[in-house]
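Let me begin by presenting the structure, written as structure tokens, before commenting on it.
The values are calculated or read from the model by the stated rules, or taken from the named source; none is laboratory data. Worth saying up front: this structure is predicted, and the values here are computed from it rather than measured. No Cβ is skipped: glycine too gets one built from the backbone with ideal geometry, and neighbour counts run over all protein chains shown. Each accessible area value is taken on the protein alone, full model and side chains, heavy atoms only, with ligands, DNA and RNA left out. Shrake-Rupley method; radii C 1.70, N 1.55, O 1.52, S 1.80 Å.
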Amino acid sequence: MTRLHVISAATRPTSSSRPLAHWVAEQAHARGGFEVTPVDLAAIALPFLDEPEYASTGNYAHQHTRDWSALVDSADAFVFVLPMYNGGFTAPFKNAIDFLYREWQGKPVGIVSYSAGPTGGAPAAEMLLPVLTRIGMRPAERSVAVAGIPDLIGPNGFQAPEGLAEELAGVLDDVAALAVLRTHETVMA
């Protein structure tokens with residue numbers, strides 16, 4: 001079974017990321033084939049990158065980095081749930097990525113972006129893709145962009161508009177296929 005971490009990549013206390021990420025995790029669990037772990041970047045509470053050595057060395061001086069490393073390393077695949085702020089992804093999320101290197105290598109990743117406006121955060125997802133490929137991750141071919149997020153969050157959490165579950169299923173299918181490919185490549189190596 002593929003160990004999938006669904007990372008809520010926002011750190012604002014009132015962020016829509018948490019209810020959306022909760023819905024994504026529920027959908028992934030219901031799909032089957034995934035052992036789903038929700039991860040809230042705000043709860044991880046990483047400081048700005050403070051390691052004395054490059055992440056590629058894997059020599060971590062601080063316990064918060066070793067804990068983050070262990071959490072990321074324990075996943076086979078990811079879905080990142082990220083907001084768009086000012087046309088891009090958030091600095092705390094980039095910081096969390098930059099803390100590590102080897103732990104991301106070769107792992108599949110799906111992207112679910114969102115925004116208050118009509119783009120659904122797609123520009124932030126597009127901006128993130130070169131970073132993910134640079135660190136050796138394998139982005140899913142499909143992604144999900146959720147527009148008008150404030151109207152979709154209510155007292156019962158995230159209320160998915162019609163068709164969104166099917167779009168997410170496509171992303172999860174891509175992530176699952178990439179995970180199988182990675183396992184096959186590992187076995188053949």
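Things to note:
- Ordering V180, H29, G106 by Cα displacement along the dipole of the chain toward the positive end leaves G106 in first place; charges were set at the Cβ atoms of Lys, Arg (+1) and Asp, Glu (-1).
- Rg over Rh [alpha-carbon atoms, Kirkwood Rh] for the chain: 0.95
- Rounded if a/c under 1.5, otherwise prolate or oblate - the stretch 14-90, Cα gyration tensor axes: oblate
- Put simply, the amide H of A140, placed in the peptide plane, has neighbours under 5 Å in V109, G110, I111, leaving out anything fewer than 5 places away on its chain.
- Of T119, F93, Q63, farthest towards positive along the dipole that unit charges on Lys, Arg, Asp, Glu beta carbons give the chain: Q63
- Solvent-accessible area, 1.4 Å probe, carbon plus sulfur percent, for the chain: 56 percent
- Relative to one another, the C-alpha centroids of the stretch 1-48 and the stretch 134-168 are positioned 12 Å apart.
- The charge dipole of the chain, taken about its Cα centre with unit charges on the Cβ of Lys, Arg, Asp and Glu (plus for the first two, minus for the last two), comes to roughly 160 debye.
- Neighbourhood charge, 10 Å Cβ-Cβ cut-off, centred on S69 and excluding it, Lys, Arg +1 and Asp, Glu -1: -1
- Signed unit charges on C-beta, dipole axis of the chain, positive-most listed residue P38, I135, A165: I135
- Helical content of the chain, expressed as a calculated mean residue ellipticity at 222 nm, amounts to -12500 deg cm²/dmol (DSSP H runs of 4 or more residues, -39,500 (n - 2.57) each, divided by residue number, nearest 500).
- What the chain shows is 49 Å² of accessible area per residue, with the surface traced by a 1.4 Å probe over protein heavy atoms.
- Shown in residue order for the stretch 172-180 are the 3J(HN,Hα) couplings computed by the Karplus curve 6.51 cos²θ - 1.76 cosθ + 1.60 at θ = phi - 60°: 5, 4, 4, 4, 4, 5, 5, 5, 5 Hz (x for Gly and Pro).
- Note on the stretch 52-109: Cα-Cα pairs beyond 12 Å make up 70% of the total pair count.
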